[in-house]
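Taking it in order: structure first as structure tokens, then the write-up.
The values are calculated or read from the model by the stated rules, or taken from the named source; none is laboratory data. Predicted model only: the values in this text are computed from it and were never measured. Note that we place each Cβ from the backbone using ideal geometry, even for glycine, and neighbour counts take in every protein chain shown.
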Amino acid sequence: MVRKYRIGNPIPTDSVVKEFQISEESIPHFDRNDEKKELSLLLKKNDKVFGLGETVRGMNKRGWLYTANNSDDPNHTENKNSLYASQNFFVVFSKEDQFGVYVDTPGKVSFDIGYTSLDKLVISFEDFDADIYIVEGSDVLDIVSQFRSIIGRSYIPPKWAFGFGQSRWSYMTADEVREVADKYAEAGIPLDMIYLDIDYMEKYKDFTVDESSFPEFPKFVEEMRARGIHLVPIIDAGVKVEEGYDVYDEGVEKGYFVKKENGENLLAAVWPGLVHFPDFLNDDARAWFGNKYKVLIDQGIDGFWNDMNEPAIFYTQDHLDEVFEQIEDYKGKNLDIKSFFAFKDLVGSIDNNPEDYRRFYHEYKGKRIRHDKVHNIFGYNMTRAAGEAFERICPDKRILMFSRSSYIGAHRYGGIWHGDNHSWWAHLLLNIQQMPAVNMCGFLYTGADIGGFGSDTTEDLVLRWTAFGIFTPLFRNHCAMGMRNQELYRFENIDAFRNIIKLRYALIPYLYSEFMKAALGDKMLFKPLCFEYGDDRSSQVEDQLLLGESIMLAPVYTQNATGRYVYLPEDMKLVRFRAYDDYDEEILQAGDHYVKAELNEVLVFVRKGHVLPLTTPEDGMKSVGDAEMTYICYDSDAASYELYTDDGVSRI
Ligand code: MIG
């Protein structure tokens, strides 16, 4: 049962697709304080709070303050309150009762979950305008499914997007990209995608290709396709200010860019230098920008990633002018402690400055609205621009799309990646912990940058991270410019990497089936143990996951470990893979176990009465599906498995 309540006069987000009567009663579970603009409730000692999508810290969100305020922050440390997404759905549950809460408002909201006061959950609003949905259900999974059913079906990518992809910010030329493909082929490691970061563009202009470094692009796309590789280019939110550049000219002429109070187009800066931002909230502008993806689709491209759409702002021209003016005051002065810090702050806080988000306006549903009031649905509407356009441009074909910034609703148009993590072991754990939380909010096609984006990685981290990454729908190794190269062929243990990647391909029938069942049935793909098991221990486990109906994962996420403790809520069959066709099986009793896991091994726990199907991978996604299947069963008499198949590209 889902009920809708309304506070004030909220700006619609289009995140909920089902029509609701607004209940006139007071919001259950919460105390409402209009003066403080707060909703609060008392948490019982054993209440757990799971959800909130892409946020820092563990699965149980108790003990921290999370703020929905989409931010381009590449340091996902546990002191942060905001990352790139606002996914404001969570479930409060204990053995006694449970309910779900969705806070639907495009502005800033804070979730103080036992931060100020250990046993209090306080939701505070910048503007006290929101639709609140309260979901009652028989258990957490039921609540999540009911919630998912009101927000619409999750995005379904083409099946090839379940292949392995290599990315790096700084593949500067087509030849560099060819080299990546060559080296993977030489190493015998299947590869289905190579991502093109901003360097493929001409001067970072969206929907252009640099002719000198990527000559004859359609031919190049075709050449790579013939090798089984999809090229997946990035699209940034900012449109370069340059006369004669059609996207700029048209946007200016039609008035499709966001404007300042005085009606001038906002001048901000990102990679191309000065840019304007398309007003993705305006229906016409959104359709116009979406149609531009056709320029690359016509050159053979069938997948994209949308970046910098919080939007990230290096600076606005107005703010920069102010800074230059004020900086004069400090010239030639003896800077004391106070003025030194003020000086430092003047320049240091120039990017993603909150003031800048108040400098421009949208035309949204017939009204002029200041950006900060709708900040959290900007990236969502960029993804929507793409998703809606793909339906027009390619009505019969699925197109790969995932985004950095998101809000619930965007899950219907694309997936997400989890942004600029670091090559830190802690971020492998964060990746594990974020998976179920984003699933709760509708995002199923997701994954983190494997090996870590920022910082220099290490071979063992890439091995362990890949061993977990083979289970995530979006399976991409990505790295920042200037960091240690981390394509798998760069390392010594090529055999181990090859075996792990091939295991991914062997798992595709299972992963794709489970993904499709989750998408079509409003279910979660990754579940915390306590969503299925009611015992106390399960509710404490934050580093293991159930994946689909058949298996549990317990990844190794610490350096120099040759194994780990694993908690089994019931008897399970441990399968220790060294390769898809080289593994041991062992029945383990319910309870705690120390299990060994060498760097070249992947552990999978098969649940009782369940089946893990495996195929024989030959050559990436090209061959998946044709080969013979193997079935690993625990308790084969009771076990059955429903395999989902389709052609992998037609829209469903
Ligand atoms: O500010 O395009 O998250 O994946 O490699 C950096 C360059 C801009 C941020 C993305 C990252 C990408 C990078 N981008």
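Would you confirm whether or not the range 271-287 contains a residue that is more than 16 Å from the ligand (Cβ to nearest atom), under 25 Å from T173 (Cβ atoms), in contact (Cβ under 8 Å) with a residue 24 or more places away in the chain and surrounded by 15 or more Cβ atoms within 10 Å (Cβ to Cβ)?
no
Exactly one of these conditions fails for F497: (1) touching a strand residue (DSSP E or B) at 6+ places or on another chain (Cβ under 7 Å); (2) in a helix (DSSP H, G or I). Give me its number.
(1)
Exactly one condition in (1) assigned by TED's automatic domain parsing to the domain that holds K608; (2) in a helix (DSSP H, G or I) is false for E542; which is it?
For E542, the exception is condition (2).
Hey, does the range 9-22 have a residue that's farther than 23 Å from G137 by Cβ, modelled with pLDDT of 95 or more and aliphatic (A, V, I, L, M)?
yes
If you scan the range 397-437, which residues turn out to be within 16 Å of the ligand (Cβ to nearest atom) and either at pLDDT below 95 or of a type in the set (V, I, T) (or both)?
If the condition is that a residue be within 16 Å of the ligand (Cβ to nearest atom) and either at pLDDT below 95 or of a type in the set (V, I, T) (or both), then I416 is the only one that fits.
Of all residues in the range 392-408, which are surrounded by fewer than 24 Cβ atoms within 10 Å (Cβ to Cβ) and under 24 Å from G447 (Cβ atoms)?
Listed by number, the residues that qualify are C394, K397, R398, I399, L400.
Take residues that are under 30 Å from G53 (Cα atoms) and within 16 Å of the ligand (Cβ to nearest atom) and tell me which of the strands (runs of 3 or more DSSP E) falling wholly in the range 130-235 contain 2 or more.
164-166, 193-196
So which residues in the range 236-261 are more than 20 Å from R368 (Cα to Cα) and assigned to a loop (DSSP other than H, G, I, E, B)?
Correct list: A237, G238, V241, E242, E243, G244, Y245.
List, please: which pairs have Cβ atoms under 7 Å, are six or more places apart or on different chains, and start with a residue in the range 416-429 that is free of Cβ contacts under 8 Å to residues at least 40 places away in the same chain and end with one that is away from the ligand (no atom under 11 Å from the Cβ)?
Note: pairs meeting the criteria are W424/G452; W424/S455.
Failed condition for P617, given (1) more than 17 Å from G563 (Cβ to Cβ); (2) within 29 Å of the chain's Cα centre (by Cα); (3) modelled with pLDDT of 95 or more; (4) not aromatic (F, W, Y), with all others met?
Single failed check for P617: (3).
Say whether the condition of being of a type outside the set (A, V, I, L, M, F, W, C) and surrounded by 21 or more Cβ atoms within 10 Å (Cβ to Cβ) is met by at least one residue in the range 23-33.
No.
Out of the range 572-593, which residues are of a type in the set (G, A, S) and under 27 Å from D536 (Cβ atoms)?
A590, G591
Acidic (D, E) and closer than 22 Å to D72 by Cβ: which single residue out of D356, D283 fits that description?
From the options D356, D283, the qualifying one is D356.
Given the structure, is L65 surrounded by fewer than 19 Cβ atoms within 10 Å (Cβ to Cβ), more than 30 Å from I652 (Cα to Cα), modelled with pLDDT of 95 or more and of a type in the set (A, V, I, L, M, F, W, C)?
So L65 fits the description; yes.
Kindly indicate whether any position in the range 85-99 is surrounded by 24 or more Cβ atoms within 10 Å (Cβ to Cβ), within 16 Å of the ligand (Cβ to nearest atom) and at pLDDT 95 or above.
Yes: the range 85-99 contains one or more residues that are surrounded by 24 or more Cβ atoms within 10 Å (Cβ to Cβ), within 16 Å of the ligand (Cβ to nearest atom) and at pLDDT 95 or above.
Exactly one condition in (1) touching a Pro at 6+ places or on another chain (Cβ under 6 Å); (2) within 26 Å of P157 (Cα to Cα) is false for G290; which is it?
Against the list (1) touching a Pro at 6+ places or on another chain (Cβ under 6 Å); (2) within 26 Å of P157 (Cα to Cα), G290 comes up short only on (1).
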